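Here's a structure for you.
The values are calculated or read from the model by the stated rules, or taken from the named source; none is laboratory data. Just so it is clear, the model here is predicted, and its values are computed rather than measured. Heads up, the Cβs are rebuilt from the backbone with ideal geometry, glycines too, and the neighbour counts pull from every protein chain shown. Protein only, heavy atoms only, side chains kept; ligands, DNA and RNA dropped before computing areas. Shrake-Rupley method; radii C 1.70, N 1.55, O 1.52, S 1.80 Å.
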Amino acid sequence: MIFNDIEMKVIEKELEEFLDKRRLPVEMRHRLDINYKIENQSILIYEIRSGWIKPDETTETPVAKATFVITRNVWEIWLPQPGLKWHVYEPVPEVNTVREFLTIVDEDDHLYFWC
């Protein structure tokens, strides 16, 4: 992990605030929800959907990813494309903070993240 304990707490706090703002009411989350994963220097935001035929089976679909580039001290923003390939989010390819990344994903001005 490239982040120290204090940095991780700040990142996790901002992600939890983002989830609190974006998540559906508790009674609907068994059908559609969102969550995040932190892996190495990347944050992945994804949707969790229950199956239509088998509601007890869920699928996770990537929504957005931010990867911290140590050498430049920036977060690159990535967008999932068909075939689960990632492409740089061209309108704003990088930001300085996790909060800026989450604001871009939340506002989704170009309708790339939330369909």
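Show the residue pairs that are 6+ apart or on different chains and have beta-carbon atoms under 7 Å apart, the first residue being within segment 82-94 and under 16 Å from Asp108 (Cβ atoms), the second being outside any strand (DSSP E or B).
Here the result reads Tyr89/Tyr112; Pro91/His110; Val92/Ile104, each pair linking segment 82-94 to a residue that is outside any strand (DSSP E or B).
Conditions: (1) in a strand (DSSP E or B); (2) at pLDDT below 95. Lys37 meets all but one. Number of the miss?
(2)
I'd like the full set of residues that are surrounded by fewer than 18 Cβ atoms within 10 Å (Cβ to Cβ) and either touching a strand residue (DSSP E or B) at 6+ places or on another chain (Cβ under 7 Å) or part of a helix (DSSP H, G or I) (or both), limited to segment 75-85.
Taking segment 75-85 and keeping what is surrounded by fewer than 18 Cβ atoms within 10 Å (Cβ to Cβ), we get 81-85.
Those that are surrounded by fewer than 18 Cβ atoms within 10 Å (Cβ to Cβ) and either touching a strand residue (DSSP E or B) at 6+ places or on another chain (Cβ under 7 Å) or part of a helix (DSSP H, G or I) (or both): Gln81, Pro82, Gly83, Leu84.
Sticking with this one: Taking the residues in segment 57-74 that are open to solvent by 40 Å² or more (accessible area, probe 1.4 Å) and outside any loop (DSSP other than H, G, I, E, B) as candidates, determine which candidate is nearest to Leu44 (Cα to Cα).
This residue is Lys65.
Within segment 1-56, restricting attention to residues that are over 21 Å from Glu76 (Cα atoms), of a type in the set (Lys, Arg) and out of contact with any Lys or Arg (no Cβ under 8 Å at 6 or more places or on another chain), which residue is least open to solvent (accessible area, probe 1.4 Å)?
Once the filter is applied, the top-ranked residue is Arg22.
Looking at Lys54, Lys37, Lys9, can you tell me which residue is of a type in the set (D, E, K, R) and within 15 Å of the chain's Cα centre (by Cα)?
Lys37
Which one of these is under 15 Å from the mean Cα position of the chain (by Cα), modelled with pLDDT of 95 or more and outside any helix (DSSP H, G or I): Ile43, Ile104?
Criteria check complete, one pass: Ile43.
Can you go through Glu107, Glu57, Glu47, Glu39 and tell me which one is closer than 19 Å to Val10 by Cα and free of Cβ contacts under 8 Å to residues at least 60 places away in the same chain?
Of Glu107, Glu57, Glu47, Glu39, the one residue that is closer than 19 Å to Val10 by Cα and free of Cβ contacts under 8 Å to residues at least 60 places away in the same chain is Glu39.
Output the residues belonging to segment 10-33 that are among the hydrophobic types (A, V, I, L, M, F, W, C) and either assigned to a helix (DSSP H, G or I) or modelled with pLDDT of 95 or more (or both).
Listed by number, the residues that qualify are Val10, Ile11, Leu15, Phe18, Leu19, Val26, Met28.
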